Structure formats: C-alpha cells, structure tokens
Amino acid sequence: MEGLSAVSPLAIQATILYHNFKDMKKKILVTGLIFLLSALAIFIFLPRKPSRSGLRAGKDYNVILITIDTLRADRLGCYGYTPDITPTINIWAKAGIRFARCIAQTPLTLPSHTTIMTGTIPIFHGVRDNGGFVVPDKLQTLAESFKSAGFKTAAFVSAYVLDARWGLSQGFDYYFDNFDLGRFEKISLGEVQRRAEDTINETLSWLDKNKQDKFFIWIHLYDPHTPYDPPEPYQSQLADRPYAGEIAYTDSQLARLENYLQNNGLKNRLFLIVTSDHGESLGQHGEATHGFFVYQETLHVPLIFVTPFRQFSGKSYSGTVTLADIMPTALELSGVKIPAEVQGQSLVRYFTGQKTTDDRLAYAETYYPRFHYGWSELRSFQNNRYKLILAPVPELYDLVNDPEEEKNLVYTQKKVYEQLLTLSRTFEQKASEKAIQADFSSVDEDTRERLAALGYLGSFVDPAKLKGKKLSDPKDKINIFNEISKARETGLSGNFDQALADLNKILQEEPTISDGFFALGNIYFKAKRFKEAVKAFTQALELKPDDSFAIINVANCYAASGQLEEAENFILEQVRQGFDDPQFYHVLGTLYALRGKYDKAGPYFEECLKKNPRSASAHNALAAICLNRDDLAGAERHLAAARELNPALLNLRYNLAQLREKQNRLDEATELYQQEIADSPNHFKALFNLARLYRLGHREEEELEVLRQALKAEPSFPLTYFYLARIYLNQGRNLNEAISLTRKGLELKPDKKNLPLGYFLLADLYNRLGDYGRSEEYARKGQDLLKSR
C-alpha cells in the first residue's frame, strides 16, 4: 500500500526514546507511545489516497476520452521524442499525470478499444481481431456506466473498424461513424477512414449544442494509421518521416479542441484522458506496421490524465499500467460505480506522482497470425523489468537493459523464465474465469457479404477449433507475411498482373496459407478473371473447410460470370456436406433478388430467418420483395422486425421510405431518405428518390442539389441527366449545358419507357434557343416512340 514503507521523524524519535528506557513498565508505556506516534506520523506526513468526492466537492465533471490510433508513446515530445511535433499533447502531459509505461493488450484496433471501453482483456471479452468479431452485449461499457449516472454520451470515430455495427456504440446517445461502403471497389482499413479535422469538426458541433449538460465524449482519431499521407504543411516539413507528419497533423487538430475547451470555460470542470490503442513497428523486428508481433513498439502507448486539480499537475508514474485500467480510473474519478467484471485497476492512487512502483503483470496478445495465416498466436506478460513472449520458441527480455528486445534470455535466465511462466499460467486461468465466448453470427449478413466481396474479410475461425495444432512461429514467417501484404496492396491499387505473379510465387513455396489463396482470389475477381478466382477461393476452402467467406466469394464469382445456377448449386452442395450457415441462404436470396427473380429469392430469405431468427438483413430483404409486389402490410411487418433487431441496418430506412411513399406519407418518406443519405452519402437510389419527392413538392433548388449529388454517386444513370436538364429548362438558364446533359443521358441508352423524355427535353430546349428545325425533329422522335408503345 502507498506510504507504508516510509519512516517519519516522529516515529524515529519514539524509537530512540524506547531504547533509553530500561524499566519494563516504561517499555510497555513507550511501546504504546510508539504505536500512537507512528500512526499519527503516517497520517500527517505520508501521501494519502486522494478523496475523489472531496475533490469534486459535490460538482459534476465532464469526461473526454481521446484515443489516437496507432500512436507509439516514443513519438511524443512528452515521452522524449525530438523534434517536438506534439505541443498540444505535451501541454496536457505537463498539466496532468503522465503514465510512462502503459501497455496495450493487443496491437489491433477493435479488440484494443474493447479493452479500453470495458476494462476487460481479450481473454475475457473474446474480441480477438478486427472485422469478424462484435463486442458482446452482456459487457457493460464505459459509455453505459456514464449514461446510467446521468451523463449525455457521444462518440466520434474516424475508421470503419469502429463502426457501430461492431458493437462499441453500446451506451452512446450519439455515435458518429457514417462510413459508406457503397463507394468502395476495394476495402482496406487505410481507406475507410476520415481525417482528424472532420472528426473534430463534428465533435465541436456536438459540444456547441450540449456543452451545458454533463457529458462523456469519446474522440477517436485515425491519422497515424497507414497509409501515411499527412496534409500540408506537415507533408513537406516531415517529408522523410510521414508517420511523424501524421502525428503532427493530429496534434494540430487537438489544438483546436483545446482552444474550444479553453474559450468556452470547460477545462475547470473536465477530466481529459489521452491514449492510443496500440503503436506501430515502423520496420522494427521486421514488421512494417502492427498486428503481427507483440514487441514494445506496438504495445507501449501514451496514457495521460488531465484534471483541474493543481495537486495532480505535472506528475508521472513509471510503473507498468494497462489500457484496461482506463475505465475504472475514469469511473472512480467521476464517482460512478465500477462494474464487477472490470479486470483493470483504478490508477487514481498514483495521481500524486508516487515514486515507488507496484510490480504488476501486463498481458498482451495477437491472434492475427493464427486467424489469417494458420501460424501460432503470440501472448506476452511483462512486469516492470522482464517480458515473456509465449510462442513456439518462447522469448524473454530484460526491458531495463534491453529495451529494443534484441537479446532473448530464455535459455540464460531460466529461473526468471520459469517464474514468469508460472505467473502467466495463474494470470490466464484467473482472467478467463466466466470469459465470454465470441459470437461470430452477430455481424449482419449484408455487411459480411459486402466485406467478403470487397476483399476486406479473410478467414475468421472459432478459436476453439484451432486448439491442439502445432503451428509455425510467426518470427519465422515475417518475410512471407510482408510479401503477401505487399502483393495484396499492389493488387488493390490496380496492378493485377504484378500482384498475381507475386502471390502465385509465394504460394508455390508456402501452399498452406489459406489467407494467401483468399487474397489471390480477390485479385482475380477484381481483374474479372472469374474462373481463376473460383479456383483460388476453392483452394482457400480446402485449407479451411469452414471458411464461409470463401464459399460466398465462389458463389459471387459464378454469379458475376452469369452462372447463377452454378452459384446456387455450389452453395447447396456445401449445405449437403454438413456446412449449413444462415449466411448462405441470404447470399442466394440476394443473388436472385438483384436479378428480379423474387419468386426464387423469397424462400431463401425465409430459410435464412429459420436458421437465424435474429437476421435483420433477411427481414429487410423480404420487405423489399413485398414492396415490389405492393404487399404493403408484409413490408410493414418485416421492416418493423428488422428495425427492432438492428435500427442502423444499411437500406432499412431506404426501404421504409419507399413504403411511406406508397402509403402517400411523403413527409415521413422525405425524412427517412435524408437519414439514409446522412449515413450513406453516396446512396444513389436514396438520392434519386429524394430528388423526386422534392420535385413533387416544388422544391426545385433542393432537387437540383440532390440531383447533383446523385450524378456524382452514379454517373451512368440516364434519368439523372434528364431531370437536371429539366430544371435548367424550367429556370430558363444554362440551356446549352442542359442540352449536353440530355444528350449524355441519351448516350447512356435509357429504357424505352424513359427515352421519349429525353427527346421532348431536346425539343423544348432547342425551341427556347430558336432552333425550330431541331426542335420539331426531336419532338417527332418522341411522339413516334409514344405511338409505338
């Protein structure tokens, strides 16, 4: 306990007094005096545990948590980096408590943020990777704790990997994600992100409306993640260090937040927390980025708490702490009850700048090599000096004398190794008590299909199915991992031939890497070489027979090459062989529905619901079929069920808007289209339909703006050009541009039903310009088409 090892002057005086007495009675008397004086001395002179309720003095304090993705601690000025590129974060460190040695529990974004937001480690919460896992509902999150205590809660995230669909939105009144997958031809986490400026803009906008209330805000900034592409002037200033340039840019945006807080008088009632989910290897130990290894460059992250209390200003603590400690610390500071399942420890006791350190064990893991490549997972345990990495060839490092982790001591320091190994086993056993099992079915079918088809998801296998296998050591495979990663990026950038040549060469030498064949299949698919893509995905499936994403993509290849029956037969054959996944029926339903074959699509969606009654996507798809059949009651029923299961489901509000249109509830339809577009700004059908409603309501300027957005989202739809031209005609301006728009629409070959509109538009436009000959010519063409119907 803090303070118990210190000796006070009064205790020393009492001890001297004791030795001067010879008489037994006096000795007894002095013993009592020693006890009283020592107790008094400890009370008066030694640091005491701060009283949070006394510090708050009955006031409410707001809380802002900032997580900066992929930020190494040693790239901040307050952690020793030069040149000084983070003046804002440095100011916060100087004003608060800096934890010199905070350890992330995994070098992956979603699992690490799950630890931050639940105070539990991956062994317990079960989220072991990005993209294939969802945060369990049964965990109480930091936001839920604050919400139950009367705080308004808001989150502003900058990357799709933290989109609400992955479960971290639990407890937030407002969750700003709004990532539109519809605009991507490929998926990589480096692309599905937004700049810090946009996230901070949204944060400040929310604060403008809510700063008078008691609030908890989480701000997630993603810029230091690959690709390193900082905006000017940071790109030029740090041209040789683009990663540092991204950090400098991020800090500049945090300065905007700091200025806002200062200017609005919010700092004196605020607890501010700054940290990162993990670091970045930057080539150390052969790893370019993160996720594959558990060395310090990806685990050592900054952790700073800033309070309004002067006694906690400019303090630091050098002992080992973890990201799991953030939740209990924030809750204790705020006087909010800490949930029973929290595994982290409150750090408030260190806020006075305690010099002596407690020797805690910090856990970290990565299952990325296992899930994606069939190689071993890595787990690490470290205290204030030593670090053990459990791998096929275990590693032991003295972090004090070998901070770069270059000298493996596992064979020379056997006693230390055995002690840490024993501690690690006890730790894992205790941490896994009542652990939550991962639920792989929680991701809605629409999202899984879209991500699999776009190449984001590889193979995610239930961890229980991987036990007992002898797996390769990732240390021996880092070069192959780097080569596959490079080839994948080459293919996604459009250089298909080079990527295919590189991957085929790698897989000839390492023919057991299922994720390699999955990547190969994705690149063949992008190159429209569907037959070869089928072969590659089939090879991935042979290596991982329970890889549903490979099955989905084989079906997509058959469908893309016009072999719909082959797609159906392939999936049904998997079902006959015993692999019966609700996702498969959803895929088949989608393939037929997209081709207007609703009689075949409907039964597959119904079967998906039988297998997974909580499938909001299946309800939504059945509602769309009902709408096409004008079965409004059926559509209403299925949409209500989908909304109950997943109110944020893609296309849910779009389908509901169509239903409200058919019911002539146009104001509601308008609002629903607007909501869908707010979440998916490039949702072309929602944009076009909203423009139609504006046209019906004679809201011409709004129609014009939305049609321009629709044209940008989908430039190959003829009617958008026609209706833009119609507005210019009605307004009597830009007539030549209107003619060009109409001609472009005609070049795109609209169907016979809409073709006359193009000709009549040209007739009217040329008439306005005084070219009566052309006007009559196009009017006649339009009339002829109408007569031929």
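The values are calculated or read from the model by the stated rules, or taken from the named source; none is laboratory data. The structure presented is a predicted model; accordingly, all values stated were derived computationally and were not measured. Every residue, glycine among them, receives a Cβ derived from its backbone with ideal geometry; neighbour counts consider all protein chains shown. Areas reflect the complete protein model, heavy atoms only, side chains present, ligands, DNA and RNA absent. Shrake-Rupley method; radii C 1.70, N 1.55, O 1.52, S 1.80 Å.
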Under 17 Å from the Cα of Lys434 - lysines, other chains or at least 8 residues apart: Lys138
Of the candidates Asn620, Thr742, Tyr411, the farthest towards the positive dipole end of the chain (Lys/Arg Cβ +1, Asp/Glu Cβ -1, centred on the Cα centre) is Tyr411
Percent relative contact order of the chain, based on C-alpha pairs within less than 8 angstrom and at least six residues apart? 11 percent
Within the P(r) computed for the chain, what percentage of the Cα pairs occupies the region above 37 Å? 52 percent
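Stokes-Einstein diffusion coefficient for region 84-145 at 4 °C in a medium of 1.567 mPa s, Rh from the Kirkwood formula over Cα pairs: what value in µm²/s? Provide the component values of the computation, followed by the final result.
Details: Rh = 13.5 Å.
Rounded, D is 96 µm²/s.
Which value in Å is the Kirkwood Rh of region 677-722 over different Cα pairs?
Radius from the Kirkwood sum: 10.3 Å.
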Per residue, how large is the accessible surface of the chain? Use a 1.4 angstrom probe and give square angstrom. 44 Å²
With θ set to phi - 60°, apply the Karplus curve 6.51 cos²θ - 1.76 cosθ + 1.60 along region 698-708 and write out the HN-Hα couplings as whole Hz, x wherever there is a Gly or Pro. 6, 9, 5, 5, 5, 4, 4, 5, 5, 5, 5
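Sort 363-374, 220-231, 569-580 by packing, meaning the average of other beta carbons within 10 Å per residue, with the highest value first. Intermediate values should be presented prior to the final figure.
Details: 363-374: 23.5, 220-231: 21.9, 569-580: 13.8.
Order by mean packing, descending: 363-374, 220-231, 569-580.
If you take the Cα Rg of region 579-702 and divide it by 2.2 N^0.38 Å, with N the number of residues, what do you get? Show your work: numbers first, answer last.
On the way: Rg = 15.0 Å, N = 124, 2.2 N^0.38 = 13.7 Å.
Relative to the rule-of-thumb radius for its length, region 579-702 sits at 1.09.
Suppose only helical runs count, i.e. DSSP H with n ≥ 4. What mean residue ellipticity at 222 nm does that imply for the chain under -39500 (n - 2.57) per run, divided by all residues and rounded to the nearest 500 deg cm²/dmol? Before the final figure, lay out each step's value.
Numbers: 33 runs with 401 residues, N = 789.
Result for the chain: -16000 deg cm²/dmol, rounded to the nearest 500.
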Degrees, to the nearest 10: 414-431 long Cα axis against longest axis of the chain: 60 degrees
For helix 632-645, report the angle its Cα long axis makes with the longest principal axis of the Cα atoms of the chain; keep it between 0 and 90° and round to the nearest 10°. 20 degrees
Carbon and sulfur atoms account, in whole percent of the 1.4 Å probe accessible area of the chain, for 50 percent
Set of lysines near Lys59 by C-alpha distance (under 22 Å), chain-local residues within fewer than 8 positions excluded: Lys49, Lys147, Lys152, Lys209, Lys211, Lys214, Lys267, Lys337
Dipole size in debye (nearest 20) for the chain around its Cα centre, Lys and Arg Cβ +1, Asp and Glu Cβ -1? 2040 debye
Straight-line reach from Lys415: which lysines have Cα under 22 Å away, leaving out those fewer than 8 places along the same chain? Lys387, Lys407
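What's the whole-number percent of alpha carbon pairs in region 254-376 lying beyond 16 angstrom? If you can, show how the numbers build up before the last one.
Working: 5345 of 7503 pairs.
Everything past 16 Å amounts to 71 percent.
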Inter-part gap, Cα centre of region 306-381 to Cα centre of region 587-645, in whole angstrom, is 46 Å
In 10 Å bins starting at 0, how do the alpha-carbon pair distances of region 504-586 split up by percent? 20, 51, 26, 4
